[in-house]
There are 4 protein chains.
Amino acid sequence: MSLLAGHPWFELTVLTSRRGAGLRYGEAVRWVLDTPLPQEAADIELSPTKPEAVREAELVFVALPSEAAAGIEVELAKMGKVVVSNASIYRLDSDVPLLNPEVNWDHIKLLDVQRRLRGWRGALLKVPNCTTSILTLSLKPLADLAGLESVTAVTMQSISGAGFSGVPGYMITDNIVPFIEGEEEKVSRETLKIMASLGPEGLREPEMLVTATTTRVPVLDGHLEVVYASYRRDVELQEVIDSWTSWRSTPQELSLPTAPEAPVVYVKERDRPQPRLDRMAGRGMSVVVGRAEKPFKGKKLLRYVVLGHNTIRGAAGNGVLIAELYYKLYEPSV
Amino acid sequence: MSLLAGHPWFELTVLTSRRGAGLRYGEAVRWVLDTPLPQEAADIELSPTKPEAVREAELVFVALPSEAAAGIEVELAKMGKVVVSNASIYRLDSDVPLLNPEVNWDHIKLLDVQRRLRGWRGALLKVPNCTTSILTLSLKPLADLAGLESVTAVTMQSISGAGFSGVPGYMITDNIVPFIEGEEEKVSRETLKIMASLGPEGLREPEMLVTATTTRVPVLDGHLEVVYASYRRDVELQEVIDSWTSWRSTPQELSLPTAPEAPVVYVKERDRPQPRLDRMAGRGMSVVVGRAEKPFKGKKLLRYVVLGHNTIRGAAGNGVLIAELYYKLYEPSV
Amino acid sequence: MSLLAGHPWFELTVLTSRRGAGLRYGEAVRWVLDTPLPQEAADIELSPTKPEAVREAELVFVALPSEAAAGIEVELAKMGKVVVSNASIYRLDSDVPLLNPEVNWDHIKLLDVQRRLRGWRGALLKVPNCTTSILTLSLKPLADLAGLESVTAVTMQSISGAGFSGVPGYMITDNIVPFIEGEEEKVSRETLKIMASLGPEGLREPEMLVTATTTRVPVLDGHLEVVYASYRRDVELQEVIDSWTSWRSTPQELSLPTAPEAPVVYVKERDRPQPRLDRMAGRGMSVVVGRAEKPFKGKKLLRYVVLGHNTIRGAAGNGVLIAELYYKLYEPSV
Amino acid sequence: MSLLAGHPWFELTVLTSRRGAGLRYGEAVRWVLDTPLPQEAADIELSPTKPEAVREAELVFVALPSEAAAGIEVELAKMGKVVVSNASIYRLDSDVPLLNPEVNWDHIKLLDVQRRLRGWRGALLKVPNCTTSILTLSLKPLADLAGLESVTAVTMQSISGAGFSGVPGYMITDNIVPFIEGEEEKVSRETLKIMASLGPEGLREPEMLVTATTTRVPVLDGHLEVVYASYRRDVELQEVIDSWTSWRSTPQELSLPTAPEAPVVYVKERDRPQPRLDRMAGRGMSVVVGRAEKPFKGKKLLRYVVLGHNTIRGAAGNGVLIAELYYKLYEPSV
């Protein structure tokens, strides 16, 4: 809501709710951010969550649980809507772009296949899992520079990743929970899809092993990931760092409104990145990398730490960036 | 469960569940204490939460939400059961003992009235609100010594007071919520009932103003309360402290198994009591008082801080102590 | 630093350090805010903390421990500097303005006395204790409306109030410490001085009892205070609320750059103010009040909760506001 | 102190302090555990921290910073004392046993070399780094079963690992610090020394790569470590789990008083081990392992999570266990 209110290209016209239809958004919402609820959003009367409700809209952002999203988002695409969805369902379908714009902006062309196969005018675009979005931003320059053989990520994920009520205070205070339902599989599988190359036959995933151990920690926002990456070509540590700091991709070149100046920020201080201090880098749209090292002399192994804002870069912000990419690159005429 | 398993007088025979009937308790429960689940409890097969389920039991502990408790506990008492209940419903009924044993053990005699009025052989006994139990333990010696005119309590209550999932981690991390639904009224009204004197006409509440501001803080267990008490007779601060430390009441005299050695422990260190360090005093059954002062010379006003374990002294432990009191004092023949 | 860099009236020219002289500020500082260190400050080379260091400056902000501040700030005032100091020493001196600008801006006239008595051209101006600044902003409209007889405050103070290293993580995690050295006395005494009226004989403190219980809680920033105030004239609750929301004082009328639009913001939601959600109200310069109630019918007693940002409104921001007041009101010719 | 008071073999006779000499321990200490200070310790008058102070003692536990420990512990060993030290200095010396008793109890025989080389009657025995003690307990059964090729550990370490004041509350609340000074090197180097085999030529370290990324998290006690281990011989996952659960070593066989029943406890629940729930396993002397998996089919790679109590198993408790091992195994005649 905060990202869409005042957006230079998009106008907030309809909000739907499965329980609060009839109320104004400002009455129905329990606003728990420390920035105020935008008046523009507060005044909108909530419609019921049904495809008809958004008949007048051209672009629809979906933030529903997978089961609820399932029918609705296909229906919307059939109606000709551009659907940008955070729901995990359909993310791995071969004709559905799973976009982390700086990394795989070109996958948007999968929409040609999608429209042909499904016979609809609309589009179904997917926002990746938060941990994966953060991870792949750090991996892409490295893959381009040195080739990737295997990736092992150990994550420390914030409470907000599970939604406002997802993690009980009694569970997480003075504690860590070393398991997040379904998360490790998502990281493995979505990373491969995002890092795939798009050819005439569709997506082709890289030959790369990806594994993750995901944990929940007592932090409000920001996922921190310790990454060990084996690469193929010998490179100096400084080359790797330069590949991160110099990286600018299509969203930057197109000056998309939500694109951060730099997708990856490298911090030299040896005790960074830290969630509370670094999560808002690039207004929450950059990831912050630090502690890059080659732990074993002569081995093509890199260790680093990457941090990103899970509800901005990892979810809502990424969704808005995807929509911007679509209108700028895929259907600029609209 | 931890308090009942291995109890010298009571045997755990039936456990009921509204959702898990058929499973063994050890399979159904998500055990979140750092002490192990007692095997004795783990092995019991859960029965559905219906009065018939406990037909063989004589004593029933009820820890249901108020709505669910409503019908069931009256039914049980009619069946002749001794019901010790944490549910807030019926707490203020004039023939229902609301017991904080050291403070108002004699109110158990209200059961005479209850049985006569309601025509049942069983008994309905209520555990007070957690904050009130802790508060009244600290007030009782003071009331006896100096008479109480008014009491103002500002509380900082732990997360466990709202149940395992009651307080989202995202709500309470780096935060305080200065409101707890229904709590301030409970403190005011239950304090007066517990501090009442029992005469031939029933309970007579003291002439005393009681008010509270209750807040939720990021602490796992233990409610801390800052108390300002206006009293009637002039007393020295040391007399007040002595009245706390020397206090032994009926549960101590009867050597009830769950009674702490001292109901009130006074700490001299000026930065105590602290929840994490003091909540387990008397195995969680004592309250710990500190920082007693007369803030204004010549005024009969006392300030102190009291801390108690909300789920032990403030709930389950108090329930067990009430049951012990019943069998020792009211129906010793059983 | 964040407040001074880019200030429309003041220019940052000298920074001193007791240990880091010779380094640039950006090298010496461990910056722990989530907003970046201003470049303007980072580039300044640190001078040793001695009066000579600031010879060229006209206005000096002092944030030293009391013992270190003692000699230096008198020296600076003798040199003709305008000294705005957070150190607690001298705060209660009768010729030293202790300023919370919206509340007692007129006390700045005490400088006439100060200059006459001490024979210096400079000025020594004091920033009050953080808890007291927040409290007195909420008390002032109430005092003007209804007269105050007594004030009891129970505070829940954030970790940053003790400085970056002041509260060990092991002390405060899952805990509350119900004592802060010297704080309760400061609240009592500084509140009376700030609420005093300035007459020809100097400050005259109100006939009012003020007492506080101050505690430390696991919150990063923002002090929350539960206040019970006895007042003299009968007023409706709504009048009190209106007196807060409509209040604009001299800093607002003078449009001082750091003055918030409203010194007091009233929130209707019954579970607010909350530190994490409300501490940045008015860019950290407003206090947020909620939960106002008259707990006892017919008694002139008010209960409310007030929250303020302790390091902005309670310290650095207040200091900048005091300096602005001085240049606008007391020596506008400069 | 808690572990030594009431110890069946050792008697607490002397306590020294660098600042509090002359006071009784109970007066000097700021006791921050939730178990009471043992009276036996409280009553002892503190001596100055000098070798002479412990002239009457035979066994000396050293918990000094490395610089302070340096001279003193050699002096003590020369005086004939059995010195068990937590200080990191000398840990890697080739004639100093670095003991994690279940893992490398036999290294105590290095004392023969130590006494011969240094010509003293005493003994210098070292407690390993906390993270390493926990890690190596989990590695030893695996190394015996399958042979280890490389080990990668990502740790989430509790606040108490840095001492009471080591981690400011403002640094760690809602945050993670992905760096701990010197820790990663200690894990690499001490693991190799502990896992070494002792032959006639002294210790021989295994051919194994060990690397670690160590982070600080907002948890009071308990270090959690995510471990990826490449092994040499093909084994089933269940064999690995069995090797942990069935493991009993010399401390268990000798029934040393502080030895846990099982050095490694395996938990099947997929969201365990958790620091708050599992750190006290085996009275803080067991480590708890969970989430064992082979992430890639056909690869000899194991992933698991291990948790241990850093100040008990990782420090003080291990020290006491080492002392017990010494008296039972090395100088049983004493």
Being in contact with a His (Cβ under 8 Å, 6 or more places away or on another chain) and open to solvent by less than 10 Å² (accessible area, probe 1.4 Å) narrows C:Thr131, C:Thr136 down to just C:Thr131
How many residues of the stretch A:280-293 are within 12 Å of another protein chain (Cβ to nearest Cβ) and either part of a loop (DSSP other than H, G, I, E, B) or among the aromatic types (Phe, Trp, Tyr) (or both)? The answer is 1
Any residue at all in the stretch C:205-228 that's open to solvent by 20 Å² or more (accessible area, probe 1.4 Å), more than 30 Å from C:Arg116 (Cβ to Cβ), out of contact with any helix residue (DSSP H, G or I) (no Cβ under 8 Å at 6 or more places or on another chain) and of a type outside the set (A, V, I, L, M, F, W, C)? no
Out of (1) on the phi < 0 side of the Ramachandran plot; (2) open to solvent by 20 Å² or more (accessible area, probe 1.4 Å); (3) of a type outside the set (Asp, Glu), the one D:Val288 does not meet is (2)
Of the residues in the stretch B:177-196, those that are out of contact with any strand residue (DSSP E or B) (no Cβ under 7 Å at 6 or more places or on another chain) and small (Gly, Ala, Ser) number 1
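If you check D:Leu277, D:Leu307, D:Leu321, D:Leu302, which single one turns out to be assigned to a helix (DSSP H, G or I) and within 14 Å of chain A (Cβ to nearest Cβ)?
When all the criteria are applied, what remains is D:Leu277.
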query = Can A:Asp234 be described as over 23 Å from A:Ser286 (Cβ atoms), open to solvent by less than 10 Å² (accessible area, probe 1.4 Å) and not small (Gly, Ala, Ser)?
reply = no
**Request:** Within the stretch D:206-220, identify whether any single residue is more than 13 Å from chain A (Cβ to nearest Cβ), in contact (Cβ under 8 Å) with a residue 12 or more places away in the chain and more than 20 Å from D:Asp144 (Cα to Cα), and answer yes or no.
**Result:** no
Checked A:Leu307, A:Leu325, A:Leu302, A:Leu321 against criteria (under 23 Å from D:Glu184 (Cβ atoms), touching a Pro at 6+ places or on another chain (Cβ under 7 Å) and open to solvent by less than 10 Å² (accessible area, probe 1.4 Å)); the one match is A:Leu307
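Specify which of the listed residues (C:Glu58, C:Glu52, C:Glu27) is in contact (Cβ under 8 Å) with a residue 12 or more places away in the chain and of a type in the set (Asp, Glu).
So the residue among C:Glu58, C:Glu52, C:Glu27 that is in contact (Cβ under 8 Å) with a residue 12 or more places away in the chain and of a type in the set (Asp, Glu) is C:Glu58.
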The lone condition D:Pro260 fails out of (1) buried (at least 21 other Cβ atoms within 10 Å of the Cβ); (2) touching a Pro at 6+ places or on another chain (Cβ under 6 Å) is (2)
Considering residues that are open to solvent by 10 Å² or more (accessible area, probe 1.4 Å) and within 14 Å of the chain's Cα centre (by Cα), the number found within the stretch C:63-102 is 4
Checked the stretch A:46-87 for anything of a type outside the set (Val, Ile, Thr) and closer than 15 Å to A:Arg121 by Cα; matches are A:Arg55, A:Ala57, A:Glu58, A:Leu59, A:Glu73, A:Glu75, A:Leu76, A:Ala77, A:Lys78, A:Met79, A:Gly80, A:Lys81
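A quick yes/no check of all residues on (1) part of a loop (DSSP other than H, G, I, E, B); (2) at pLDDT below 95:
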site: D:Met1; (1), (2): yes, yes
site: D:Gly6; (1), (2): yes, yes
site: D:Arg19; (1), (2): yes, yes
site: D:Val32; (1), (2): yes, yes
site: D:Thr35; (1), (2): yes, yes
site: D:Ala41; (1), (2): no, yes
site: D:Leu64; (1), (2): yes, yes
site: D:Ala69; (1), (2): no, yes
site: D:Ala77; (1), (2): no, no
Picked from the stretch D:127-169 (must be more than 21 Å from D:Ile312 (Cα to Cα) and of a type in the set (D, E, K, R)), the residue nearest to the other protein chains (Cβ to nearest Cβ) is D:Glu149
When restricted to B:Asp144, B:Asp112, the only residue surrounded by fewer than 23 Cβ atoms within 10 Å (Cβ to Cβ), free of Cβ contacts under 8 Å to residues at least 60 places away in the same chain and part of a helix (DSSP H, G or I) is B:Asp112
Residue hits (the stretch B:221-262; within 14 Å of chain C (Cβ to nearest Cβ) and either charged (D, E, K, R) or farther than 30 Å from B:Tyr170 by Cβ (or both)) are B:Asp221, B:Glu225, B:Val227, B:Tyr228, B:Ala229, B:Ser230
With criteria (1) within 27 Å of C:Asp34 (Cβ to Cβ); (2) buried (at least 19 other Cβ atoms within 10 Å of the Cβ); (3) out of contact with any Phe, Trp or Tyr (no Cβ under 7 Å at 6 or more places or on another chain), A:Glu293 comes up short on (2)
Does B:Thr13 count as among the β-branched types (Val, Ile, Thr) and surrounded by fewer than 17 Cβ atoms within 10 Å (Cβ to Cβ)? yes
Inside the stretch C:21-52, the number of residues satisfying the requirement of being among the charged types (D, E, K, R), more than 26 Å from the chain's Cα centre (by Cα) and away from every other protein chain (no Cβ under 14 Å) is 4
When restricted to B:Leu325, B:Leu301, B:Leu307, B:Leu254, the only residue touching a Lys or Arg at 6+ places or on another chain (Cβ under 7 Å), over 30 Å from C:Thr155 (Cβ atoms) and touching a residue at least 60 places away in the same chain (Cβ under 8 Å) is B:Leu254
Reported set for the stretch A:190-201 where residues are buried (at least 21 other Cβ atoms within 10 Å of the Cβ), more than 14 Å from every other protein chain (Cβ to nearest Cβ) and of a type outside the set (A, V, I, L, M, F, W, C) is A:Glu190, A:Lys193
Matching residues in the stretch A:1-24 (under 24 Å from A:Gly71 (Cβ atoms), free of Cβ contacts under 8 Å to residues at least 40 places away in the same chain and touching a strand residue (DSSP E or B) at 6+ places or on another chain (Cβ under 9 Å)) number 5
State yes or no: is D:Ala87 over 19 Å from D:Tyr327 (Cα atoms) and either without any contact (Cβ under 8 Å) to a residue 12 or more places away in the chain or part of a helix (DSSP H, G or I) (or both)?
no
Within the stretch C:166-189, restricting to residues that are open to solvent by less than 30 Å² (accessible area, probe 1.4 Å) and of a type in the set (D, E, K, R), the one that is nearest to the chain's Cα centre (by Cα) is C:Glu183
Within the stretch C:25-54, restricting to residues that are of a type in the set (Val, Ile, Thr) and within 19 Å of C:Pro65 (Cα to Cα), the one that is surrounded by the most Cβ atoms within 10 Å (Cβ to Cβ) is C:Val54
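The values are calculated or read from the model by the stated rules, or taken from the named source; none is laboratory data. Please read these numbers as outputs of a predicted model, since none were measured by experiment. Ideal geometry is used to build each Cβ from the backbone, glycine not excepted, and the neighbour counts take in all protein chains shown. The area values use the complete protein model at the heavy-atom level, side chains included, leaving out ligands, DNA and RNA. Shrake-Rupley method; radii C 1.70, N 1.55, O 1.52, S 1.80 Å.
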